[in-house]
1. Ranked highest first by average number of other Cβ atoms within 10 Å, how do 194-202, 385-393, 29-37 line up?
2. Step through the residues of the stretch 339-344 one at a time and calculate ³J(HN,Hα) from phi using the Karplus curve (6.51 cos²θ - 1.76 cosθ + 1.60, θ = phi - 60°), rounding each to whole Hz and writing x for Gly and Pro.
3. What angle, in degrees between 0 and 90 and rounded to the nearest 10, separates the Cα long axis of helix 77-90 from the longest principal axis of the Cα atoms of the chain?
4. Amide H to amide H under 5 Å from Ala74: which residues, 5+ apart in sequence or cross-chain, H placed 1.01 Å off N in plane?
5. Counting only other residues whose beta carbon sits under 12 Å from that of Leu410, what net charge do I get with K and R as +1, D and E as -1?
6. Among Ser322, Ser145, rank each residue by its count of other Cβ atoms within 10 Å, from fewest to most, as a rough exposure measure.
7. Can you compute 3J(HN,Hα) from phi for each residue in the stretch 99-104, using the Karplus curve 6.51 cos²θ - 1.76 cosθ + 1.60 with θ = phi - 60°, rounded to whole Hz and x for Gly and Pro?
8. So which of Lys242/Lys506; Lys138/Lys192; Lys138/Lys295; Lys242/Lys295 end up more than 21 Å apart, counting from Cα to Cα?
Amino acid sequence: MDSQTEAASGRPVAVERITEAEARFERWRRAAGFVVAPAVFVTLLLLPLPGLKPEAHRLAAVMASVVVLWITEALPLPATALLGAAACVVLRVAPAREVFAPFADPLMFLFIGSFMIARAIFLHRLDRRLAFGVLSIKWVGARPSRILFAFGAVTAFLSAWISNTATTAMMFAIGMAILAFLFEQEKEGGQKISRRYATALMLMTSFAASVGGLATPIGTPPNVIGLGFIRQLTGVEFPFFKWAMIGVPVVVVLFLWLFFYLNWLSPAGVREIEGSREMLTRERERLGAWTRAQKSTLLAFLVTVALWVVPGLIALFAGDQSAVYKSVNASVPEAVAAVVGASLLFLLPGDGVGARAITWDEAVKIDWGVVLLYGGGFALGVLSFQTGLAEAVGRGLTGLLPVSGGTGLLFASVVVAVVTSEATSNTASANMVVPVVIAIAKAQGADPLEPALGATMGASLGFMLPVSTPCNAIVYGSGYVPLARMIRYGVLLDIVGVFVIVALVKLLVPFLR
């Protein structure tokens, strides 16, 4: 992870640095994938697996090798997903039309539309306008604990709508500017600021971005991936509003816990910081007046959010069996709402004569890799159920697990997803864990919705290491985050996160069925 991230200003702001020892481990891990993946593939293909149909047997070999490649990252994750789908056609697991059908799933267009809106928000610096607007309000003032709270709250809110990594990159630049001001003041004879506060601000940047992504289905790719598996493999629709009814409380509780222990363990050492509010106000004023492009982007964003939320409100007041709800939900599902919002960007005015809020050249700069990764992972998950492989795996794991159904399976699902996300990307974790969890629940005769939701949310945790998420790698490159402290503080959030997700899923899902 040696790439460099740039803020909207174009200045380099974040270098994802890791130590030389970690770099050697990463090189070894990637090299191992090229050896282990083919070995696993050939072994499983030749190994007799009684009870499996030939198609399921061949799929097992493909999926095992794909999982190895995902964990080792020997190939880019999207390339591995595409390779796995292609291998299923070559090995006649299913015809090409069936294998590639998930690439046209409606949720693919939810990704594409929401990514384009997020691109416009970043391009026109609406995120920076919100951040400096909140940080410069009078209540925040010059108190470091309030700055930490407001900084984290803005990060979590932004991450609910745009990618965790983009949010971290933008807020990282703002956080570094705040720290540069504080330490410059200190050099000029001002108050001495504890370096632990710098650690807290940097970890708040990364951790709040990852936590905030849980608030909405589009906040982070694992959410959409998990919901896709739930809809396809269980037949349960879990729309935007229902997800938010669980996701928002999870985010609120985890954010409050995050602020409490960061503020307690890494205080600034001073009650107030002279001049910090004035500095933040100056940064806000530099953004100038609202431009036409910013207003147009905000309008497109609000229209999209309204289309996502209104069906849920109708269901809440009129019932999800009412004719009004069924009509609205059928006409404007979440994917269509995202496409409508993205399309508005090409119609609404931008800055300059004849300009639009976004151009096609800018719109296509979205993360297509995540879209392809979702399609490939979704294809493998669906095929595992169609061939009977998932059922066989579920039966086999049921005998090994010390828990069955209910809260025990939910807890185990969240823990496995969290541990997996520490070793590989959150997106790959969701692709690997959620289908297996659904299969286990079905094999046990249990309701798969709760453990599947728990695993989906758990896949977005994983805070211990710089390589766990790009967000962690960015802030680790600041030089203000010792590795041992990231591990200790990450464990605190991981452990509490597991219990919070289990408790709120168990408490709220029965009311949302």
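Values quoted throughout were computed directly from the atomic coordinates according to the rules given, and no laboratory measurement underlies them. The structure presented is a predicted model; accordingly, all values stated were derived computationally and were not measured. Counting neighbours? That spans all protein chains shown, and the Cβs are built from the backbone with ideal geometry, glycine included.
1. The peptides rank, most packed first, as 194-202, 385-393, 29-37.
2. Each residue's phi maps through the Karplus curve to give 5, 4, x, 5, 5, 4 Hz.
3. 20
4. Under 5 Å from the amide H of Ala74: no residue qualifies.
5. That sum, taken over residues with Cβ under 12 Å, equals -1.
6. If I rank by nearby Cβ atoms, fewest first, I get Ser322, Ser145.
7. Result, ordered by residue: 4, 8, 4, x, 5, 10 Hz.
8. Checking Cα-Cα distances, Lys138/Lys192; Lys138/Lys295; Lys242/Lys295 exceed 21 Å.
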